[in-house]
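Below is one structure, written out as structure tokens; the observations come after it.
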Amino acid sequence: MTTDRYLDLVNDGLTAKLAKQLGLPRPARLHRYRPGAPLVDGPVLVLGEGADADALARLLAGTSADHKGWDLDVRRHATEGTRFGAVVLALTEVTHPEGLAGPLLDLAPVLRTLTPHGRVVTVSRPASPDQAPAVAAARQGVDGALRSVAKELRAGATANGVVVADGVPVTAPAALGALRFLLSARSAYVDGQLLAVDSDAGSVPADWDQPLAGRVAVVTGAARGIGEAIATTLARDGATVVAVDVPAAGEALAAVANRVRGTALQLDVTAEDAGARILEHALARHGRLDIVVHNAGITRDKLLANMTPDRWESVIAVNIAAQLRINEALLTSGDFADAPRIVSLASTSGIAGNRGQSNYAASKGGVIGMVQATAPLLAAFGGTANAVAPGFIETDMTARMPALTRQVARRLSSLQQGGLPVDVAEAVAFLASPPAGGVVGQVLRVCGQSMVGR
């Protein structure tokens, strides 16, 4: 993994001063999650009117009878001289685009007082074709406004949204889980995203710092890079981890498994019996299996005009066909039925495409289709299937890119830098957690609001 030297230069010493004088872009070093650190660095301002705004304010302040433990310093009005760590806009009751003016114009002056690495989170309802045109316009307008605000923020601040389905309370477990994730440093590289909450399924953990306590998780491709970060993060959050990778990565795999106090399973995920062997190992060593993270993946880039069958077929075999086969084995086993979670690694290439990656994009687009179709199959067990789509992440793979291309790729996002493997891992950990039970068939981008695709 390479170091972003430009990021260091514009943040340190004399070069930082020079960059400021020259007006150069100065991406901030992002704050990542540390157990025990405050959820939000400063007071939280709740804007909006109505019962949902009041409920969110009580929740955040820790005065809600049903949900304790947040205990944030919550304000309902901005006061001069106050620097806010976060702003939550309750927009669920907006029924006409003209209704957006109040809360968004109230937000406007507060943006200048937002602390570095601050958060703006909207809570809204989804637009659909069967609604009155004015209602749909107002709700879809939230999407455009939120993404634009995200592009205006600086100093590591982000703006994201939670879109709660009609009939689902804004205090449903998944709405709370998504709100907490987006307010926290766990979402450091998630920006300009609107995450849909489809139901009131899921549960609130007894300990928000250990939401995966008692759960057993399998992570494929766990020997290094993003997979290693996922295994580490799930273990930090309380899960017992089965780290899976190919036999050739055996030594590194064992080191990861030992470090997270889990077990290692050397396995080629393309094997016909991969699903059965994963289940057998998890049940024999840990007594259950609750979470599967499909992270194993390869690239064999080539322009389609020069593509060979082996390059195409190997990428499809590892990146999507193996996942389909493993999922089928788990879903038909009867042993993967206690609020199970499937989280698959997609990619922004699977959303927007990428030159020279038609095979990779086909496989990652396939992952998105797979989780959308798999999610209903898990609903009867309280389970979910979702995907995480990383953008430019600092890994060994992106370190091999030409230097100039790598620099350009880093600066394309609103946060003007690449993400780290832990940023992907944090998103995976959220989707694998009990509170995320109402998030089904979704794709959560971890790309710093990269300007590619939808």
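The values are calculated or read from the model by the stated rules, or taken from the named source; none is laboratory data. Every value quoted in this text rests on a predicted model; they were computed, and no experiment measured them. FYI the Cβ positions are ideal-geometry reconstructions off the backbone, even for glycines, and counts take in every protein chain you see. Heads up: the accessible areas ignore ligands, DNA and RNA and are worked out on the full protein's heavy atoms, side chains in. Shrake-Rupley method; radii C 1.70, N 1.55, O 1.52, S 1.80 Å.
Of note:
- Residue in region 106-115 that is crowded, with 17+ Cβ neighbours inside 10 Å, without any contact (Cβ under 8 Å) to a residue 60 or more places away in the chain and part of a strand (DSSP E or B) present: yes
- Test for ASP310: is it over 21 Å from SER344 (Cα atoms), open to solvent by 70 Å² or more (accessible area, probe 1.4 Å) and of a type in the set (Asp, Glu): yes
- Summed over region 337-374, residues that are closer than 24 Å to ALA222 by Cβ and touching a strand residue (DSSP E or B) at 6+ places or on another chain (Cβ under 8 Å) total 16.
- Of the helices (runs of 4 or more DSSP H) contained entirely in region 271-384, those carrying at least 2 residues that are within 24 Å of VAL241 (Cα to Cα) and of a type outside the set (Asp, Glu) fall at 274-286, 322-331, 358-378.
- Here GLY36 fulfils each of the conditions (1) surrounded by 12 or more Cβ atoms within 10 Å (Cβ to Cβ); (2) under 25 Å from the mean Cα position of the chain (by Cα) apart from (1).
- Qualifying residue in region 432-449 (condition: under 24 Å from ALA206 (Cα atoms) and open to solvent by 10 Å² or more (accessible area, probe 1.4 Å)): yes
- Answer residue from region 40-72, given it is touching a residue at least 24 places away in the same chain (Cβ under 8 Å), in a loop (DSSP other than H, G, I, E, B) and under 20 Å from ASP207 (Cβ atoms) and is most open to solvent (accessible area, probe 1.4 Å) among those: ASP66
- Identification of strands (runs of 3 or more DSSP E) wholly contained in region 162-270 with 2 or more residues that are buried (at least 19 other Cβ atoms within 10 Å of the Cβ) and hydroxyl-bearing (Ser, Thr, Tyr) yields no element.
- Each residue in region 367-390 was checked for being surrounded by 21 or more Cβ atoms within 10 Å (Cβ to Cβ), of a type outside the set (A, V, I, L, M) and either in contact with a Lys or Arg (Cβ under 7 Å, 6 or more places away or on another chain) or at positive phi (or both), and 2 pass.
- Of residues in region 428-454 being part of a helix (DSSP H, G or I) and in contact with a Phe, Trp or Tyr (Cβ under 8 Å, 6 or more places away or on another chain), the one farthest from ARG32 (Cα to Cα): ALA436
- Selection from region 73-105 of residues that are in a helix (DSSP H, G or I) and open to solvent by 70 Å² or more (accessible area, probe 1.4 Å): GLU98, LEU105
- Yes/no for ARG26 being exposed (fewer than 15 other Cβ atoms within 10 Å of the Cβ) and basic (Lys, Arg): no
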